[in-house]
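A quick write-up on the structure given underneath.
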Amino acid sequence: MTTKSRLAKALSTIKTGDYPALMTHVVLGYPSLEKSIELVQVMAENGASIIELQIPFSDPMADGPSIMGACEHALSEGVTPSDCLEAMAKLSSKIETPLLFMSYYNLVLNQKGFAKAASDTGCEGLIVPDITPGESKDSFFTECDSENLPVIPLVSPITSETRLKQIANNSTSAPFVYCVSTTGTTGARDKLPEELPAYLNRVKENFSVPRALGFGISEKKHIEQLQGNAEIAIVGSAVINLIKESSNPNTEVANFIQKLSKK
Amino acid sequence: MAESKKYQPDQYGYYGEYGGRYAPEVLIPALEELEECFESAKKDPEFIKELKEAQKNYIGRPTPLCYLENLSDKLGGAKIYLKNEGLAHTGAHKINHCVGQILLAKRMGKKRIVAETGAGQHGLATSSVCARYGMDCHVYMGARDADRQRPNVFWMETLGAEVIPVHHGGKRLKDAVNAALKDWITNVRDSHYLLGSCLGPHPFPEINRYFQKVVGEEIKSQLVEQQRTLPDYVIACVGGGSNAIGAFNEFLEEESVQLIGVEAGGQGPEVGQHAARFQGGRVGVVEGYKSYWLQDEHGQVQDTVSISAGLDYAGIGPLHAFLHDQGRVKYTSATDKEVLEAVKTLAENEGILSALESAHGLVEAIRLAPTLSKDKTIVVNLSGRGEKDLFIFGRHLSSSSFREFIERYAEEFKESDN
């Protein structure tokens, strides 16, 4: 199977109303490049349906303290965007789980031909929170289109009805839509916002693709609450926090992912 | 004068290829709301009346345009004039856009203000307008900047603001902008981000230009009144670039007027030792806008060095990037050492204390004046006064008596607490 069809296949098995599929996240270079690559494999083996690999950036605008700290650490380890492309190539040849890149626009802009390079390494989509379709004159979106590399659209609880339609129209080839749970940056939170079902319902009315909910999901009960409201649950900072405090991160991450990914 | 389209942003907020709105989706509604509010306010006579009233009676506009006769004679060339924004309320040009933006915030019904500050002058001005207009004020400041501009931290707190030191990255202005953006992302429903320079996602660069352009308008009419000419040169320091845009804007279409922006040369031209974006910077997108950024080969933003916290910033406002590429403004730099010398020169010859930031512009005027004939005129925008820099001047300029005083005072302070 080519890497290009892995994401489509994973998404085709997800049904509204089922227990949500799990999308997990690593910062490449945290706690080290080697260990982050191992962690991706651990996640894949223990039930993650999709994994995003974050390329560390010096000024991650949408990230809270956990991921920001992990990025600072990764940069101090000397991890470069080229290292991340290599890591993607290595991982996509080893595991069947669909992989995405997450980063910020400056790194994409600085790496000439990034869309092609990413696509060539087996990456199946990009999450770039600081560029939104319809807001920029840059060729970024068309470059990704020509590589058949989807840019995952993001929406928030305060995205208006008009904008939801606009974003949906601007991203017809999107495999899923990333729904930010709340106004705020990434980070584990105690509970999910109460208005979530109404918000996710508005998203459903405008997008025919699966809804992935992220920002603030740190426990199994959060994912249970999402059943019927979102098809994918995204866990990021909670894993970073686990790695930070753990002496045996691979085992603990394996257990955590297993617990979260099964009903 | 009527503004032509040449230096105006397009519908996406780009000046040429620079600027734009590179913001997370969660901020887009707030940026749209702000843009709509700004566009309608500009056309509202009541808003303009309130703005003009505040400019006159709260800020103290117009600020003087002062001929520096002693310094000009001493240098033996062009006549140097100083636009003294240091005499504006709160001591710098920052109050101009703070008054404007707080009126916009009021119009939008926002009650909570978040801001970043470098040297503390924007934070001080923001804290002041928040106190006056009854808003809840939160100012992010790089931890390093909070230490080196401690007097402004004290006054901001006295004015009722919460000052939050930022310990990430280089602990400077860039990190403060980052932290303020994150606060805004979190509290966007009820907060206005009172951004302090001509940078950030559209429409911020344009909003601050609009509220700062009064500086150049005054320079023009004051110089015509004093000597019936336009200036030959207008010089201003450039951090993010708000005071320079304010001083230059009126003259952008006057091709006879040469415009010079002066960046922070810091400790020298080596990578990582300065904050001169046009000497080694490259096009990038950070903090919501496209412009020249000091960054490494991979696109990671680099740390900067400058004695002036207000210019110690890795990016530069997008209109400056455009003016640079168009060749309309020439950009030079001044080192920390030259800046300290210029502060001293201005103080001794004219009895005026300059902020470290503004003294970058003075350095260029002092270089340039002797090379020009006596019928030429240079206007330097003195964007702020120097009192905030007491501790930095104290360390670099004074004899041991200031140090002795600080040590003795610290001892007494400690004892009085016990």
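Counting only residues that are assigned to a loop (DSSP other than H, G, I, E, B) and aromatic (F, W, Y), which one in segment B:1-53 is farthest from B:Y210 (Cα to Cα)?
B:Y22
Looking for something within 14 Å of chain A (Cβ to nearest Cβ), modelled with pLDDT under 95 and on the phi < 0 side of the Ramachandran plot - is there at least one such residue anywhere in segment B:11-23?
Scanning segment B:11-23, I find at least one residue that is within 14 Å of chain A (Cβ to nearest Cβ), modelled with pLDDT under 95 and on the phi < 0 side of the Ramachandran plot, so the answer is yes.
Looking only at helices (runs of 4 or more DSSP H) that lie completely in segment B:140-238, which have at least 1 residues being under 20 Å from the mean Cα position of the chain (by Cα) and of a type in the set (S, T, Y)?
Once the helices (runs of 4 or more DSSP H) in segment B:140-238 are filtered for at least 1 residues that are under 20 Å from the mean Cα position of the chain (by Cα) and of a type in the set (S, T, Y), what remains is B:204-212.
Would you say B:D325 is crowded, with 24+ Cβ neighbours inside 10 Å and either assigned by TED's automatic domain parsing to the domain that holds B:R172 or among the charged types (D, E, K, R) (or both)?
Considered against the rule, which asks whether it is crowded, with 24+ Cβ neighbours inside 10 Å and either assigned by TED's automatic domain parsing to the domain that holds B:R172 or among the charged types (D, E, K, R) (or both), B:D325 comes out as no.
Which of the residues that make up segment B:196-220 are under 30 Å from B:K56 (Cβ atoms) and within 14 Å of chain A (Cβ to nearest Cβ)? Can you show your working first?
Going residue by residue through segment B:196-220, those that are under 30 Å from B:K56 (Cβ atoms) are B:196-200, B:202-220.
Hits for segment B:196-220 are B:L199, B:G200, B:H202, B:P203.
If you go through segment A:55-75 one residue at a time, do you hit one that is in a loop (DSSP other than H, G, I, E, B), within 30 Å of B:N187 (Cβ to Cβ), touching a strand residue (DSSP E or B) at 6+ places or on another chain (Cβ under 9 Å) and more than 9 Å from chain B (Cβ to nearest Cβ)? Give the steps one after another, and end with the answer.
Narrowing segment A:55-75 to residues in a loop (DSSP other than H, G, I, E, B): A:55-64.
From what is left, the residues that are within 30 Å of B:N187 (Cβ to Cβ) are A:55-64.
If we keep only those that are touching a strand residue (DSSP E or B) at 6+ places or on another chain (Cβ under 9 Å) too, we end up with A:55-63.
Checking which are more than 9 Å from chain B (Cβ to nearest Cβ) leaves us with A:55.
Yes, that holds for at least one residue.
Looking only at segment A:99-118, filter to residues that are polar (S, T, N, Q) and surrounded by fewer than 23 Cβ atoms within 10 Å (Cβ to Cβ); which one of those is farthest from the other protein chains (Cβ to nearest Cβ)?
Here the answer is A:Q111.
Cβ contacts < 7 Å: first residue closer than 18 Å to A:E86 by Cβ, restricted to segment A:35-48; second residue surrounded by fewer than 24 Cβ atoms within 10 Å (Cβ to Cβ) and among the charged types (D, E, K, R), any location; separation 6+ or different chain. Result?
Taking only residues 6 or more apart or on different chains, the pairs are A:I37/A:K90; A:Q41/A:K94.
Any chance segment B:294-314 includes a residue that's of a type in the set (A, V, I, L, M, F, W, C) and farther than 16 Å from B:K174 by Cα?
no
Residue pairs, Cβ under 9 Å, 6 or more apart or interchain, first in segment B:270-283 and farther than 14 Å from B:A334 by Cβ and within 14 Å of chain A (Cβ to nearest Cβ), second β-branched (V, I, T) and part of a loop (DSSP other than H, G, I, E, B). List them.
Taking only residues 6 or more apart or on different chains, the pairs are B:G272/B:T304; B:G272/B:V305; B:G281/B:I316.
For segment A:173-263, which fully contained helices (runs of 4 or more DSSP H) count at least 1 residues that are farther than 22 Å from A:A10 by Cα and within 17 Å of the chain's Cα centre (by Cα)?
Fully inside segment A:173-263 and qualifying: A:237-245.
Out of the residues in segment A:77-98 meeting the condition of being assigned to a helix (DSSP H, G or I) and within 11 Å of chain B (Cβ to nearest Cβ), tell me which one is farthest from A:G236 (Cα to Cα).
A:S82
Among residues belonging to segment B:368-396 that are assigned to a loop (DSSP other than H, G, I, E, B) and not charged (D, E, K, R), point out the one that is surrounded by the fewest Cβ atoms within 10 Å (Cβ to Cβ).
Across segment B:368-396, the extreme among qualifying residues is B:S373.
Tally up the residues in segment A:207-227 that are under 21 Å from A:P175 (Cα atoms) and either of a type in the set (G, A, S) or surrounded by fewer than 18 Cβ atoms within 10 Å (Cβ to Cβ) (or both), please.
Within segment A:207-227, residues that are under 21 Å from A:P175 (Cα atoms) and either of a type in the set (G, A, S) or surrounded by fewer than 18 Cβ atoms within 10 Å (Cβ to Cβ) (or both) number 4.
With segment B:248-350 as the region, which strands (runs of 3 or more DSSP E) entirely inside it contain at least 3 residues that are among the aliphatic types (A, V, I, L, M), more than 29 Å from A:D138 (Cα to Cα) and modelled with pLDDT of 95 or more? Quick ask: steps written out before the conclusion?
Working: elements: B:258-266, B:282-286, B:289-293, B:329-335.
In segment B:248-350, the matching strands (runs of 3 or more DSSP E) lie at B:258-266.
Taking the residues in segment B:284-295 that are within 18 Å of B:D312 (Cβ to Cβ) and over 18 Å from the mean Cα position of the chain (by Cα) as candidates, determine which candidate is farthest from the other protein chains (Cβ to nearest Cβ).
Going through segment B:284-295, the residues within 18 Å of B:D312 (Cβ to Cβ) turn out to be B:284, B:286-287, B:291-295.
Next, from what is left, pick out any that are over 18 Å from the mean Cα position of the chain (by Cα): B:284, B:286, B:294-295.
Details: B:G284: 5, B:V286: 5, B:L294: 11, B:Q295: 7 Å.
So, considering only residues that are within 18 Å of B:D312 (Cβ to Cβ) and over 18 Å from the mean Cα position of the chain (by Cα), the one farthest from the other protein chains (Cβ to nearest Cβ) is B:L294.
Can B:G118 be described as within 24 Å of B:R395 (Cα to Cα) and surrounded by 24 or more Cβ atoms within 10 Å (Cβ to Cβ)?
yes
The values are calculated or read from the model by the stated rules, or taken from the named source; none is laboratory data. Note that this is a predicted model, so its numbers are computed, not measured. Positions of Cβ are generated from backbone atoms using ideal geometry, with glycine treated the same way; all protein chains shown enter the neighbour counts.
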